[in-house]
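Read through the structure below, which is laid out as structure tokens, and then see the notes.
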Amino acid sequence: MSRNALYMAIGALAVIVVVLAVYAYQQATKPKGIELKIDDSGISIQQN
């Protein structure tokens, strides 16, 4: 395996780890309860 391919693989793994960490943080800090959203398409209510 060439050195450039090794760097690319390590970089891809680092990006995946960062994306998963951000996703996990967003899910952990999501408020519990009901979400009320009012926009151009109308009103939507979702339970979290």
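The values are calculated or read from the model by the stated rules, or taken from the named source; none is laboratory data. From a predicted model like this one, the values you see are computed outputs, not experimental measurements. Counting neighbours? That spans all protein chains shown, and the Cβs are built from the backbone with ideal geometry, glycine included.
In this structure, Gln46 does not satisfy being modelled with pLDDT under 90 and part of a helix (DSSP H, G or I).
Please go through region 16-42 and give me each residue that is aliphatic (A, V, I, L, M) and either under 12 Å from the mean Cα position of the chain (by Cα) or at pLDDT below 90 (or both), ordered by number. Listed by number, the residues that qualify are Ile16, Val17, Val18, Val19, Leu20, Ala21, Val22, Ala24, Ala28, Ile34, Leu36. Anything in region 23-34 that is surrounded by fewer than 10 Cβ atoms within 10 Å (Cβ to Cβ) and of a type in the set (A, V, I, L, M, F, W, C)? List them, or say none. Across region 23-34, the qualifying residues are Ala28, Ile34.
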